[in-house]
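Here is the structure we will look at.
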Amino acid sequence: MKTLFGAAMAALIIALCWSSLAAADGSGDPAAVKDEDGKYFDKEGNPTYKVQADGTVDWHTYSGFRRYHSDCHVCHGPDGMGSTYAPALKDSLKTLNYSDFLAVVAGGRRNVNSAQENVMPAFGTNANVMCYLDDIFVYLRARADDAVGRGRPEKHAEKPAAASAAEDTCFGAKH
Amino acid sequence: MRYLLLKFSTFGAVAAFAAGSAYANDALIKMSENPKDWVMPARTYDAQRFSPLKQINAANVGKLQAAWTFSTGVLRGHEGAPLVIGNVMYVHTPFPNNVFALDLDHDGKILWKYEPKQDPNVIPVMCCDTVNRGLSYGDGKIFLHQADTTLVALDAKTGQVVWSVKNGDASKGQTGTSAPFVIKDKVLVGISGGEFGVQCHVTAYDMKDGKRVWRAFSEGPDNEIMVDPEKTTDLGKPVGKDSSVRTWEGDQWKIGGGCTWGWMAFDPQLNLVYYGSGNPSTWNPSQRPGDNRWSMTIFARNPDTGMAKWVYQMTPHDEWDYDGVNEMILSDQTIDGRARKLVTHFDRNGLGYTLDRESGELLVAQKFDPAVNWTSGVDMNKNSANYGRPTVVAEYSTSKPDVNHTGICPAALGSKDEQPAAYSPDTQLFYVPTNHVCMDYEPFKVSYTAGQPYVGATLAMYPPKGESNMGNFIAWDGKVGKIVWSVPEQFSVWSGALATAGGLVFYGTLEGYLKAVDAKTGKELYKFKTPSGIIGNVMTYEHGGKQYVAVLSGVGGWAGIGLAAGLTDPHAGLGAVGGYAALSNYTSLGGQLTVFALPE
């Protein structure tokens, strides 16, 4: 009896752990719990995506698709799928968390040894990337979690006023 | 008497001077006439990529086999081709741009190796993989154009550095990927950085000591672009004062692009060097109103002075990234009963151009891929105000920022990218490796930071509607502008072609196949799968009485970025599964030279 109960408890614990593991990417549970003017955050406070049942994505995920394909696509391939020499970020974000992602994009990365010479530039001084960093993150996070498929999202939410204001502040007079 | 003496001595001096500079020229021209060697990037100055060798021919090529191989030790996109001079083959690699001299008398034993020490920080400012398009030779020296823009002259016998100059500044996004070209007593070299807001140029260095002789920018004031407002012509008319700056807003030309990362051709009789310039910066057209001259332009320049004799801009106010840098092939053919000196160019924009290379007169401009839709054609009426301009189809213009413009053909990677075509004087046909891909293109505003990408558009690519092949290898009649035959390929054909007197045309596929087809019909006669996708240029040489065909394998370049994961149809609707073939299912990285020959 005790053994059966123990086995059942073990199975239940494993099932619970498994289900929560399945809903976590590199930054944890991606479920959106907070909505700040159309920008979504998970329970840890990391930016995250929100996809409606009919496939409509939030503005920042849509913006991330566009900005990814401007500056990241040239090495990392379309839709976060990777190229012959740069990793598929839709896979990287399964284990890479938000703060590490920010650090890599801002500071760059070097993998130079006898077998390869892969160098990612530091985008820290590039406003075209840094002003949209959260957008690129939530798009890739959505791709890593299979919440968004390949290609341009067909439907997206309207651009919130807060997003335009943030852009203007970030770019300053130049924009 | 004295008068006669003076005349004679002047003549003698002139003759000596001519002999001095002509010697550098004549020696190389003579070497390029030896079909056993391959002494410059396209074998000959006319860039025809045609070899008179015919030991391998349409009847026996089916028996071709791999004779020997060489691993470069580098795993990135391998563009260009080796040189062969006598018993030595010179092989180059992508970054770090190593150079090997191989002894063909001793099974490719390495005679010397040059391994430049470059700062890896140049890698991230190379937009489209760390490729290098190859070496040049002149006066006992091998010339290499490194990624960090160093132009270096190596002693061909020992590999020792004879001289070295820095042609640009990687911290400003300037890099080197093109082959240098030895023209007379100079080495000409371009520069890359069209996606980094670089004001690009072609520079001529003295072959003996690397001193800079002249530099011609693609955009800017007349003295910088080296045109004569009265003498330099554009379709027969003088270009006039400030022909470039008056087509840019404010100072935008200073970060204007027009990069020169492609191939050059040279006509020794006309004393003209031909090359094309790339896209204007940014990819967002609304940020740079005006025709943006002289981006997207065919230049004919005097190699001694750098001055332009004629120019022709193919895509004014580019809205699609259709760089004009592809090869310029020189041929002599008869058009409308008249023998003409021609230059033929297969542009990224999908049009095959034939011009008179002496005057710059435009003779033919026709689509070499039927899918091309951004233009309804070039105005060929000499009396029209729009003479020479392509008529843009409004539906495929990308002038509105933040709007996704759909269904534009060709995609930004063009109906053909840098991979060079070949010409056979036997068939009078051009053999062209093409891309068959369309795109959605959305421009948006971007700000400029030196050394950072300055792009300003997002794009998605896919084959034309209803089709699944992403490439075609075609035969083209440049006299009239017509496709003669077309062989479909699953992926874009990204290798340089080779035509031979054996009635054959060779090319490589992105899956890695080296193929030989019949020059008259396109019928496939031979294929062999090399270790990795081919983006190199097929070449041929003879050694020990035997003909060899060689090609570099090593997938990468823009094909390796855009096609690795497979394209998807963005208009298939929600829930569409899969898409088109993914290159990553057929090949992975490699770096190998495969050399083929007939069996003993």
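Since every read-out is calculated from the coordinates, none of them should be taken as a lab result. Values in this document were obtained by computation on a predicted structure and should not be read as measured data. With ideal geometry, Cβ positions are generated from the backbone for all residues, glycine too; neighbour counts draw on all protein chains shown.
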So how long is each side of the protein assembly as shown along the principal axes, counting just the alpha-carbon atoms, biggest first, in Å? 123, 63, 47
Provide, for q = 0.16, 0.18 Å⁻¹, the log10 of I(q)/I(0) from a solvent-free Debye sum over equal Cα point scatterers in the stretch A:28-129. -0.81, -1.01
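Volume per residue, Å³, of the convex hull around the alpha-carbon atoms of the stretch B:177-298? Working shown, then result.
On the way: hull volume 12.9 nm³, N = 122.
Dividing the Cα hull volume of the stretch B:177-298 by its residues yields 106 Å³.
Longer than 21 Å from Cα to Cα, which of B:54/B:113; B:30/B:141; B:141/B:184; B:166/B:211; A:50/B:400 are they? Say none if no pair is. Kindly include the intermediate steps, with their values, before the conclusion.
Numbers: B:54/B:113 32 Å; B:30/B:141 16 Å; B:141/B:184 14 Å; B:166/B:211 11 Å; A:50/B:400 28 Å.
Violating the 21 Å Cα-Cα cut-off are B:54/B:113; A:50/B:400.
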Report, in whole Å, the centroid distance computed from the Cα atoms of the stretch A:53-114 and the stretch B:266-309. 36 Å
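Report the calculated FRET efficiency for residue B:172 and residue B:387 (r = Cβ-Cβ distance, R0 = 41 Å), to the nearest 0.05. Could you put the intermediate results ahead of the total?
On the way: r = 37 Å, r/R0 = 0.91.
Calculated transfer efficiency: 0.65.
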So what's chain B giving for Rg/Rh, alpha carbon basis, Kirkwood Rh from the mean inverse pair distance? 0.95
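Set the bar at 22 Å for Cα to Cα. Now go through B:341/B:482; B:416/B:479; B:186/B:231 and name every pair that lies beyond it. List each step's numbers first, then the result.
Working: B:341/B:482 19 Å; B:416/B:479 19 Å; B:186/B:231 24 Å.
Among B:341/B:482; B:416/B:479; B:186/B:231, the Cα-Cα distance tops 22 Å for B:186/B:231.
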Modelling each spin label as a point 7 Å along the Cα-to-Cβ direction, I'd like the residue A:44/residue B:465 distance in nm, to one decimal. 4.5 nm
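Need one value for A:62-69: mean number of C-beta atoms belonging to other chains within 10 Å of its residues' C-beta atoms.
Working: counts 0, 0, 0, 2, 6, 2, 1, 7.
Neighbouring Cβ atoms belonging to other protein chains average 2 per residue here.
Given a Förster radius of 41 Å and the C-beta distance between residue A:113 and residue B:212 as r, what FRET efficiency does 1/(1 + (r/R0)^6) yield to the nearest 0.05? Intermediate results must be reported in sequence, preceding the final value.
Working: r = 36 Å, r/R0 = 0.89.
So, using R0 = 41 Å, E works out to roughly 0.65.
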Any idea what % of Cα-Cα pairs in the stretch B:379-495 are farther than 22 Å? 52 percent
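Using just the helices of chain B, give the 222 nm mean residue ellipticity in deg cm²/dmol: DSSP H runs with n ≥ 4 each add -39,500 (n - 2.57), and the total is spread over all residues, rounded to 500.
Taking each H run of at least 4 residues, the total per residue is -2000 deg cm²/dmol.
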What percent does the relative contact order of chain B come to when contacts are Cα pairs within less than 8 Å and at least six residues apart? 14 percent
Exposure proxy check on A:81, B:314, B:470: fewest-to-most Cβ neighbours within 10 Å is A:81, B:314, B:470
A correct Stokes-Einstein calculation for the stretch B:363-402, using the alpha-carbon Kirkwood radius, 20 °C and 1.002 mPa s, returns a whole-number D in µm² s⁻¹ of 187 µm²/s
Solution diffusion estimate, µm²/s, Stokes-Einstein, the stretch A:2-174, Kirkwood Rh from C-alpha pairs, 10 °C, viscosity 1.306 mPa s: 91 µm²/s
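Among B:79, B:230, what is the fewest-to-most ranking by other Cβ atoms within 10 Å?
On the way: B:79 28, B:230 10.
Result, fewest neighbours first: B:230, B:79.
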Inter-probe distance in nm under a simple model that places probes 7 Å from Cα toward Cβ, at residue B:403 and residue B:60: 6.2 nm
Within a 10 angstrom radius of each residue's Cβ in B:440-450, how many Cβ atoms of other chains show up on average? Whole number is fine. 4
Any idea what the relative contact order of chain A is, in percent, if you count C-alpha pairs under 8 Å spaced at least 6 apart? 25 percent
Suppose each label sits 7 Å from its Cα in the direction of the beta carbon; what would the residue A:37-residue B:341 distance come out to in nanometres? 6.6 nm
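Only counting other Cβ atoms within 10 Å, I'd like B:491, A:171, B:181 sorted with the fewest neighbours first. Walk me through the numbers on the way to the answer.
Details: B:491 23, A:171 16, B:181 27.
Sorted ascending by nearby Cβ count, the order is A:171, B:491, B:181.
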Short version: ³J(HN,Hα) in whole Hz for each residue of the stretch B:117-123, in order, from phi by Karplus 6.51 cos²θ - 1.76 cosθ + 1.60 (θ = phi - 60°), x for Gly and Pro, what are they? 9, 10, 5, x, 5, 7, 4
For a label point 7 Å from the Cα of residue B:231 along Cα→C-beta, name the residues of the stretch B:296-330 whose backbone N is under 13 Å from it. B:301-310
From DSSP H assignment alone, runs of 4+ in chain A each adding -39500 (n - 2.57), the sum over residues rounded to the nearest 500 puts [θ] at 222 nm at -13000 deg cm²/dmol
